[in-house]
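The values are calculated or read from the model by the stated rules, or taken from the named source; none is laboratory data. Predicted model, so just to flag it, every value in this text is computed and none were measured. For neighbour counting, all protein chains shown are included, and Cβ atoms are generated from backbone atoms with ideal geometry for every residue, glycine included. What goes into the accessible areas is simple: the full protein's heavy atoms, side chains included, and nothing from ligands, DNA or RNA. Shrake-Rupley method; radii C 1.70, N 1.55, O 1.52, S 1.80 Å.
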Amino acid sequence: MSDQMWNIIWWFFALTIAIGVLTSAYFGERNQLGIVMDNPWIKYSIILYLLVGVFFIVYSEIRKRVEVESVKTIIVTIVIILVVFGFFALTRL
């Protein structure tokens, strides 16, 4: 895919994740997230969407900085995400 398509994917996931987080924060303050948090299918699909979105955002940025795309690029993306999530899990942020 072209760089323009990867930028569109990056912006799509960044905007939808930001809007989703702000919406969750707004309704969470008012204790109105019962339907979303009580249903495991909805909750895990949101988590899966966030993980896929973060993967595409990080992958599109790594893709800009390397000359050749390969399996190594995907592995580097996954390792970066795991290191960042591991850091947040250990520091409990």
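Kindly provide the set of residues from segment 27-52 that are part of a helix (DSSP H, G or I), modelled with pLDDT of 85 or more, open to solvent by 80 Å² or more (accessible area, probe 1.4 Å) and over 25 Å from Trp10 (Cβ atoms), ordered by number.
Within segment 27-52, Glu29, Asp38, Trp41 qualify.
Exactly one condition in (1) among the hydrophobic types (A, V, I, L, M, F, W, C); (2) over 17 Å from Trp6 (Cβ atoms); (3) in a loop (DSSP other than H, G, I, E, B) is false for Val68; which is it?
Exception for Val68: condition (2).
Any idea which of (1) closer than 19 Å to Ile8 by Cα; (2) assigned to a helix (DSSP H, G or I) is the one Gly86 doesn't satisfy?
Here Gly86 meets the rest and fails (1).
Kindly indicate whether Val21 is assigned to a helix (DSSP H, G or I) and either open to solvent by less than 80 Å² (accessible area, probe 1.4 Å) or at positive phi (or both).
no
Between a first residue in segment 53-82 that is farther than 26 Å from Gly20 by Cα and open to solvent by 50 Å² or more (accessible area, probe 1.4 Å) and a second residue that is in a helix (DSSP H, G or I) and at pLDDT below 80, which pairs have beta carbons less than 8 Å apart while being 6 or more apart in sequence or on different chains?
Matching pairs, first to second residue: Lys64/Asp3.
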